[in-house]
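**Q** Here you go, one structure.
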Amino acid sequence: MFDLLVKGGRLPDGTVADIGITGDRIAAVGRLDAPAAQVIDATGDLVAPPFVDPHFHMDATLSYGLPRVNASGTLLEGINLWGELRDIATVDEMVARAVTYCDWAVSMGLLAIRTHVDTTPDHLRGVEAMLEVKARVAPYLDLQLVAFPQDGLYRTKTGRENVLRALEMGVDVVGGIPHFERTMEEGAESLRDLARIAADRGLMWDVHCDETDDPMSRHVETMAREVTRHGLGGRAAGSHLTSMHSMDNYYVSKLLPLIAESGMTAIPNPLINITLQGRHDTYPKRRGLTRVKEMQAMGIPVGWGQDCVLDPWYSLGTADMLDVAFMGLHVAQMTHPSEMARCFTMVTETNAQIMGLDYGLRPGCVASLVVLDAATPVEALRLRPDRLAVVSKGKLVATRARNDARLTLPGRPDRMTRRHA
């Protein structure tokens with residue numbers, strides 16, 4: 001007997017199967033006739049692994065307009081606004097906003113998030129707040145924290161010390177932002193330093209790398225070398241990588257094999273990259289998204305990240321990773337059916353791989369999944385449909401009634417219409 005049985009769903013590969021869950025693990029997948037304490041009828045619906053966001057800033061989320069709106073819409077004004085807010089925001093305020101966002105996330109089938117936590121201020125209230133949030137949501141959402149020196153590892157007097165303090169407090173991942181150091185040399189040295197810290201502590205490493213329109217910002221080259229040097233492989237992720245959008249093609253032809261050799265992963269954030277980049281351009285106006293398809297062609301794992309929701313950098317957002325993938329599909333021009341399907345995989349399986357999570361629709365995997373009112377992954381991208389059911393670690397944590405519409409048109413019989421086949 002199963003604790004929970006998901007009946008008749010269509011898996012992302014097109015297979016129709018039942019999923020039997022015992023405890024917090026998937027026990028069986030196939031045509032299952034065993035009884036269950038609870039049954040979800042997913043007939044005709046897409047059943048997928050949960051959505052995963054490998055790049056977010058939860059200490060700042062839902063703070064839009066505090067202390068004021070980002071009038072220029074630029075990355076630097078957003079950083080300056082956050083610099084003011086982080087010194088007046090209380091632990092309780094950050095916890096409340098973050099838990100609210102986590103509630104949104106669960107309702108959208110987003111069950112794992114990696115969030116960068118600013119370690120610049122000596123008070124480390126953001127770290128304290130996010131550790132509290134991590135503990136609070138642990139029963140239903142996997143939250144990874146990155147020690148992120150927003151103002152640079154060396155640019156502030158206690159930048160490096162605070163990263164180490166945050167790691168000692170229990171933060172999971174080493175961060176970095178080399179292009180924000182005072183010089184290119186110090187940026188490169190920060191990467192060498194941070195790679196040693198990650199390697200020595202056996203931690204993952206996720207760097208805001210080359211988030212700029214400057215084609216001469218080439219820190220990803222140094223990062224790839226350090227990943228190879230220390231054998232970090234898939235434990236390392238380069239986030240944003242927007243300068244690659246503007247780099248010379250000949251240089252990129254050298255760079256991509258170095259990244260592939262290292263085994264590191266990449267996390268572009270399409271909604272935010274196309275909003276913040278190119279702000280100094282007239283026309284043609286760059287949109288800054290990194291070279292997604294080219295990296296994937298080299299075998300580099302690439303996932304889509306959300307980055308921001310209602311904060312100093314981005315005035316929109318709903319915690320819907322299908323919105324992220326939908327925008328990424330357009331900007332990266334991934335319109336072939338196989339490429340569109342890959343965009344869905346990027347916000348589920350690939351992002352889980354980047355975060356080192358045991359997610360999937362296979363026996364033995366963590367029993368977390370989402371039932372969508374769509375027939376296929378590509379249709380899910382087209383519709384961004386309702387999440388009819390969300391299961392986290394074996395527990396049904398969110399449901400929604402199917403949103404069918406009734407048409408009453410002159411000269412035609414009334415009928416129910418659904419937006420998928």
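**Q** For ALA60, state whether it is within 24 Å of the chain's Cα centre (by Cα), part of a loop (DSSP other than H, G, I, E, B) and under 23 Å from ARG160 (Cα atoms).
**A** Criteria met by ALA60.
**Q** Kindly indicate which of ALA319, ALA375, ALA266 is farther than 27 Å from ASP118 by Cα, at pLDDT 95 or above and touching a strand residue (DSSP E or B) at 6+ places or on another chain (Cβ under 7 Å).
**A** Exactly one residue qualifies, and that residue is ALA375.
**Q** Also: Go through the range 74-96 and report how many residues are part of a loop (DSSP other than H, G, I, E, B) and either β-branched (Val, Ile, Thr) or surrounded by 16 or more Cβ atoms within 10 Å (Cβ to Cβ) (or both).
**A** Adding up the residues that qualify gives 5.
**Q** All but one of (1) surrounded by 20 or more Cβ atoms within 10 Å (Cβ to Cβ); (2) closer than 30 Å to ASP210 by Cβ hold for ALA71; state the number of the condition that does not hold.
**A** Unmet condition: (1).
**Q** Please verify whether ARG287 is under 12 Å from PRO268 (Cβ atoms) and buried (at least 21 other Cβ atoms within 10 Å of the Cβ), treating the condition exactly as stated.
**A** Criteria not met by ARG287.
Let's see how each residue does on (1) under 24 Å from the mean Cα position of the chain (by Cα); (2) buried (at least 24 other Cβ atoms within 10 Å of the Cβ); (3) not assigned by TED's automatic domain parsing to the domain that holds TRP304:
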residue: CYS209; (1), (2), (3): yes, yes, no
residue: ASP213; (1), (2), (3): yes, no, no
residue: HIS230; (1), (2), (3): no, no, no
residue: HIS240; (1), (2), (3): yes, yes, no
residue: SER243; (1), (2), (3): yes, no, no
residue: ASP248; (1), (2), (3): no, no, no
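**Q** Still on this structure: Name the single residue, out of those in the range 378-390 being touching a strand residue (DSSP E or B) at 6+ places or on another chain (Cβ under 8 Å) and within 19 Å of ALA401 (Cβ to Cβ), that is surrounded by the fewest Cβ atoms within 10 Å (Cβ to Cβ). I'd like the intermediate steps shown before the answer.
**A** Of the range 378-390, the ones touching a strand residue (DSSP E or B) at 6+ places or on another chain (Cβ under 8 Å) are 379-380, 385-390.
Adding the requirement that they be within 19 Å of ALA401 (Cβ to Cβ) leaves 380, 385-390.
Details: ALA380: 24, PRO385: 22, ASP386: 17, ARG387: 22, LEU388: 24, ALA389: 22, VAL390: 26.
Among them, the one singled out is ASP386.
**Q** Counting only residues that are charged (D, E, K, R) and closer than 22 Å to ALA138 by Cα, which one in the range 333-361 is surrounded by the fewest Cβ atoms within 10 Å (Cβ to Cβ)?
**A** My answer is ASP358.
**Q** Within the range 291-303, is there a residue that is assigned to a loop (DSSP other than H, G, I, E, B), at pLDDT 95 or above, within 16 Å of the chain's Cα centre (by Cα) and closer than 30 Å to ALA71 by Cβ?
**A** no
**Q** Anything in the range 8-60 that is among the hydrophobic types (A, V, I, L, M, F, W, C), out of contact with any Cys (no Cβ under 9 Å at 6 or more places or on another chain) and within 30 Å of ASP311 (Cα to Cα)? List them, or say none.
**A** ALA48, PHE51, VAL52
**Q** Mind checking which residues of the range 376-418 are closer than 30 Å to ALA27 by Cβ and not assigned by TED's automatic domain parsing to the domain that holds GLY44?
**A** Selection gives nothing.
The values are calculated or read from the model by the stated rules, or taken from the named source; none is laboratory data. The structure displayed is predicted, hence computed values, not measured ones. Using ideal geometry, Cβ is built from the backbone for each residue, glycine included, and neighbour counts are taken over all protein chains shown.
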